[in-house]
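**Q** Provided herewith is a single structure, encoded as structure tokens, for subsequent inquiry.
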Amino acid sequence: LDWLLERLKPLSETHYFIFDCPGQLELFNVHGCFRNIIHTMMNEWHYRLCTVHLSDSHLCCDPGKYVSALLVTLQSMLHLETPHVSVLSKVDMLEQYGDLAFNLDYYTDVMDLEYLVEHISADPKMAPYKKLTASLCEVIEDFGLVRFIPLAIEDEDTVSRVAGGGGK
């Protein structure tokens, strides 16, 4: 990591750094290497870090995919151990993906997931997974960490909310 510190240190007082990780979560969210780099940056180099986790809003149109997005977001928060800003991106394009079972606030506030469980179990293909889905949703709610900030890149208000870390 010496090479990284050598390149960042001259800029650390005047710049922000963005590390854009690829969409393949297993490259940074499962293996401990990236987490070790983050911990070194925070604990030894005394950098202040924040993770911005993007989830595509089209996942809200499919309840199973939405539950998966919640789990991945929670897992990222727990694994990386950094302050997190969780963003639901492309909300301006939601109409193209289909109808939502609930209003957008339901998906961003991540509350009362039992309604989602009931909605999923109404689908004959998903009904056998009701108990599993209910258990996963219970874990998500028990942690109480996941909330999304909606982002429409052309909307200055949503961009400001994301940049501010989520204050409504």
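**Q** What does the charge add up to near Leu49, with Lys and Arg as +1, Asp and Glu as -1, over the other residues with Cβ less than 13 Å from its Cβ?
**A** Working: positive: Arg35, Arg48; negative: Glu44, Glu81.
Net charge in that neighbourhood comes out at 0.
**Q** Next up: Along the Cα→Cβ direction, 7 angstrom out, place labels at Leu71 and Met42. What is the inter-label distance in nm?
**A** Each label point is offset 7 Å from its Cα along the Cβ direction, giving 2.5 nm.
**Q** For a label point 7 angstrom out from the Cα of Glu13 toward its Cβ, which stretches of segment 31-47 have the backbone nitrogen within less than 19 Å?
**A** 45-47
**Q** Any chance you could look up the accessible area of Lys90 with a 1.4 Å probe, heavy atoms only, rounded to 10 Å²?
**A** 90 Å²
**Q** Compute the relative contact order of the chain as a whole-number percentage, counting only Cα pairs closer than 8 Å that sit 6 or more residues apart in sequence. Write down the numbers at each step before the final one.
**A** On the way: 163 pairs, mean separation 36.5, N = 168.
With pairs under 8 Å counted, the relative contact order is 22 percent.
**Q** Hey, what number do you get for the chain at 222 nm if only DSSP H runs of n ≥ 4 count, each worth -39500 (n - 2.57), divided across all residues, to the nearest 500?
**A** Roughly -13500 deg cm²/dmol at 222 nm, from the helical runs in the chain.
**Q** Using a simple spin-label model with points 7 Å from Cα along the Cα→Cβ vector, what separation in nm is obtained for Asp123 and Arg35?
**A** It is 3.0 nm.
**Q** If you take the square roots of the eigenvalues of the alpha-carbon gyration tensor of segment 37-168 and sort them as a ≥ b ≥ c, do you get rounded (a/c under 1.5), prolate (a/b over b/c) or oblate? Spell out each step's value before the answer.
**A** Values: a/c = 2.61, a/b = 1.41, b/c = 1.84.
Since a/c reaches 1.5 but b/c is at least a/b, the shape of segment 37-168 is classed as oblate.
**Q** If I fit a long axis through the Cα atoms of helix 63-80 and take the longest principal axis of the Cα atoms of the chain, what angle between them do I get, 0 to 90°, rounded to 10?
**A** Helix 63-80 sits roughly 30 degrees off the main axis of the chain.
**Q** With every protein chain kept in the model, how would you rank Cys21, Cys50, Cys137 by accessible area, 1.4 Å probe, largest at the top? Show your work: numbers first, answer last.
**A** Numbers: Cys21 45, Cys50 80, Cys137 5 Å².
The ordering from most to least exposed comes out as Cys50, Cys21, Cys137.
The values are calculated or read from the model by the stated rules, or taken from the named source; none is laboratory data. What you see is a predicted model; the values in this text were computed from it and never measured. As a convention, Cβ positions derive from the backbone with ideal geometry for all residues, glycine included, and neighbour counts pool all protein chains shown. For the accessible areas, the whole protein counts, side chains as well, though only heavy atoms, and no ligand, DNA or RNA atoms are used. Shrake-Rupley method; radii C 1.70, N 1.55, O 1.52, S 1.80 Å.
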